[in-house]
């Protein structure tokens, strides 16, 4: 069973805490059931497949989920959307990271450097 907690930072974040799966969702998502369902599906994939390569694949394939991106652009503020793109953050007294996002950014930067 997944414990869902509501927050006012970012869009969503899945993690394990005290041997329990936890998903933190931005409270704004409660206003948009279709978007909330899509975000929960994405975060549950992270919990089912917690290794780096699986997380990398989940992030990569969902970069092309234009329906979800369209819903986020229509319903969530720019501040909330930008917070979800930060690969390292400090929240509730703890430093959190998204290593898959770090890797995707690194690949893009290396690609740009090679092209230039």
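Among the residues of region 46-66, those identified as surrounded by 12 or more Cβ atoms within 10 Å (Cβ to Cβ) and either within 15 Å of residue 76 (Cβ to Cβ) or within 11 Å of the chain's Cα centre (by Cα) (or both) are 46, 55, 58, 59, 62, 65. Of the residues making up region 37-64, those that are within 12 Å of residue 23 (Cα to Cα) and either in contact with a helix residue (DSSP H, G or I) (Cβ under 7 Å, 6 or more places away or on another chain) or assigned to a loop (DSSP other than H, G, I, E, B) (or both) are 39, 42, 45, 46. Please determine whether any residue of region 77-96 is touching a residue at least 12 places away in the same chain (Cβ under 8 Å) and over 19 Å from residue 9 (Cα atoms). Within region 77-96, not a single residue is touching a residue at least 12 places away in the same chain (Cβ under 8 Å) and over 19 Å from residue 9 (Cα atoms). With respect to the stated conditions, residue 112 fails to be more than 17 Å from residue 6 (Cβ to Cβ) and touching a strand residue (DSSP E or B) at 6+ places or on another chain (Cβ under 7 Å).
For region 65-107, residues that are farther than 20 Å from residue 37 by Cβ, out of contact with any helix residue (DSSP H, G or I) (no Cβ under 8 Å at 6 or more places or on another chain) and outside any loop (DSSP other than H, G, I, E, B) total 14.
Conditions (1) touching a strand residue (DSSP E or B) at 6+ places or on another chain (Cβ under 6 Å); (2) in contact (Cβ under 8 Å) with a residue 40 or more places away in the chain, marked per residue:
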| residue | (1), (2) |
| --- | --- |
| 1 | no, no |
| 19 | no, no |
| 31 | no, yes |
| 39 | yes, no |
| 47 | yes, yes |
| 54 | no, no |
| 61 | no, no |
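Apart from one condition, residue 102 fits all of (1) free of Cβ contacts under 8 Å to residues at least 40 places away in the same chain; (2) within 18 Å of residue 6 (Cα to Cα); the exception is (2).
No value in this document is a laboratory result; all are computed from the given coordinates. No experiment lies behind these values; they were computed from the predicted model shown. Don't worry about glycine lacking a Cβ; one is built from the backbone with ideal geometry, like all the others, and counts go over all protein chains shown.
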